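K.L.:
Okay, handing you the structure first.
The values are calculated or read from the model by the stated rules, or taken from the named source; none is laboratory data. This structure is a prediction, so every number in the text was calculated from the model and none was measured. Note: ideal-geometry Cβ built from the backbone for every residue, glycine included; neighbour counts use all protein chains shown. Side chains included, ligands, DNA and RNA excluded: accessible areas come from the protein's heavy atoms. Shrake-Rupley method; radii C 1.70, N 1.55, O 1.52, S 1.80 Å.
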Amino acid sequence: MSQPDLFAQYPQQYDSLDSIIEHMLNMDGDVLANAGTRVVISRGNPKAKILLVGEAPGPQENIEGIPFIGRAGKMLEKIFEAVNFNSNEDIYITNSVFRMPPGKDGKNFRKPTSKEIAHYRPYLFDIIRLINAPIVLLTGNVACEAVLGITGITRLRGKWIELEGRSIMPLFHPSYLLRNPSKKAGAPKSLMWEDIREVRRRWENLT
Ligand code: URA
C-alpha cells in the first residue's frame, strides 16, 4: 500500500536516544504539562528489530513511568508470547503521546486529541529514526494517526505499509481485544493472531 510520507515534514532533531529522552523529560511547551501526569517514554531493547507504537500511558503506566505494564500491557505480552517474542529482547515499545491525558475527574484517562498527537509527533518520529527498527507496529487508531496521518484500523490492520525503508503494520490495540474477548473466527482476537504470525514471518526473513 502506498502512503504519503509524513516523516518528510519532520526533519530529525536529535542524534541520540539519550539526548531525546533527556529533552522529553523537560519538554518545552508540553501540551499536557498541566495535566499533572508524568512523562512516560519507552521500554525494551533499543537494538530490537521491532518497534511498537501504542496510544498513551494509562493509570498504571503513569504510576510506574513505564509503557504497557497495566492490563493492556499484559494482553500485549500474551500476543508476543504466542509467537515466541520476548518483549525485553525482541521489541522496543513506545507511545504516540507521552503523558496520560487525564479524564474529567483528573484520575481516569481519555483518548488523546489530534492536537496532543501532533504535539508529540516530532519526538515520536525521532525515536522511530533513532531506534531504526526495520519493522514498526502501530497499535490502534491513535498510533495510525500519529505515524501515518490516517485512521481506519479495521481497514488498515494486517497490511504492510513501506515507508522510509521500514515495514509498518497497523494492528488492533490490545485494549480493543480486552473489550472484545471472543475467539471466534473473524473476531478481532483471531485477526490479531493472524497479524502477529505475519509479523513473526517478516521478522524471521529479515536479512
Ligand atoms: N496503552 C497504550 O497505548 N500505551 C500504554 O503505555 C499503555 C496502555
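K.L.:
Find the Cα radius of gyration of region 16-124, compare it with 2.2 N^0.38 Å by division, and give the number to two decimals. Please list the in-between numbers first.
P.N.:
Values: Rg = 13.9 Å, N = 109, 2.2 N^0.38 = 13.1 Å.
Cα Rg divided by the expected 2.2 N^0.38 Å: 1.06.
K.L.:
At what distance in nm do the modelled label points of Glu204 and Ala82 sit from each other, each positioned 7 Å from its Cα along Cα→Cβ?
P.N.:
A separation of 1.7 nm, rounded to one decimal place.
K.L.:
May I ask you to rank Glu145, Glu116 by accessible area, largest first, using a 1.4 Å probe over the protein chains only?
P.N.:
Glu145, Glu116
K.L.:
Which whole-Hz ³J(HN,Hα) couplings does region 167-179 yield from phi under the Karplus relation 6.51 cos²θ - 1.76 cosθ + 1.60, θ = phi - 60°, glycine and proline marked x?
P.N.:
9, 10, 10, x, 10, 4, 6, x, 5, 5, 5, 5, 7
K.L.:
Can I ask one more? How would you order 85-94, 13-22 from highest to lowest mean count of nearby Cβ atoms within 10 Å?
P.N.:
85-94, 13-22
K.L.:
Taking amide H positions as placed 1.01 Å from N in the peptide plane, with prolines and chain starts having none, which residues 5 or more places from Leu52, or on another chain, fall under 5 Å of its amide H?
P.N.:
Tyr92, Ile93, Thr94, Leu137
K.L.:
Can you pull out the trypsin sites (Lys or Arg not before Pro) in region 20-91 that DSSP calls coil and that have at most 13 other Cβ atoms within 10 Å?
P.N.:
Values: sites: Arg38, Arg43, Lys47, Lys49, Arg71, Lys74, Lys78; in loops: Arg38, Lys47, Lys49.
The qualifying sites are Lys47.
K.L.:
While we're here: In units of 2.2 N^0.38 Å, what is the alpha-carbon radius of gyration of region 93-202?
P.N.:
Ratio of Cα Rg to 2.2 N^0.38 Å: 1.12.
K.L.:
Count neighbours as other Cβ atoms within 10 Å of each site's Cβ, and list the trypsin sites (Lys or Arg not before Pro) in region 99-178 that are DSSP loop with at most 13 such neighbours.
P.N.:
In loop regions of region 99-178 (DSSP not H, G, I, E or B), the sparsely surrounded trypsin sites (Lys or Arg not before Pro) are Lys104, Lys107, Arg110, Lys159.
K.L.:
Decide, for region 145-207, between rounded, prolate and oblate: order the square roots of the alpha carbon gyration tensor eigenvalues as a ≥ b ≥ c, take rounded if a/c falls under 1.5, and otherwise choose prolate if a/b is larger than b/c, else oblate.
P.N.:
In terms of gyration-tensor shape, oblate.
K.L.:
Give the accessible surface of region 1-150 per residue, rounded to a whole number of Å², with probe radius 1.4 Å and ligands, DNA and RNA excluded.
P.N.:
46
K.L.:
Tell me which GluC sites (Glu not before Pro) from region 156-207 have a DSSP coil assignment and no more than 16 other beta carbons within 10 Å of their own.
P.N.:
Glu164
K.L.:
Roughly how many percent of the accessible protein surface of region 9-166 is carbon and sulfur, given a 1.4 Å probe and a whole-percent answer? Display every interim value, and only then the final one.
P.N.:
Working: 3340 of 7150 Å².
Here carbon and sulfur together make up 47 percent of the probe-accessible area.
K.L.:
Could you run the Karplus curve 6.51 cos²θ - 1.76 cosθ + 1.60 with θ = phi - 60° over region 4-12 and give me ³J(HN,Hα) per residue in whole Hz, x for Gly and Pro?
P.N.:
x, 8, 5, 4, 4, 7, 10, x, 5
K.L.:
Shifting gears a bit: Using 7 Å Cα-to-Cβ label points, what is the Ser16/Lys74 separation (nm, one decimal)?
P.N.:
Taking the two extended label points, one gets 3.8 nm.
K.L.:
At what distance in nm do the modelled label points of Lys104 and Ser190 sit from each other, each positioned 7 Å from its Cα along Cα→Cβ?
P.N.:
Label-label distance for Lys104 and Ser190, simple model: 3.9 nm.
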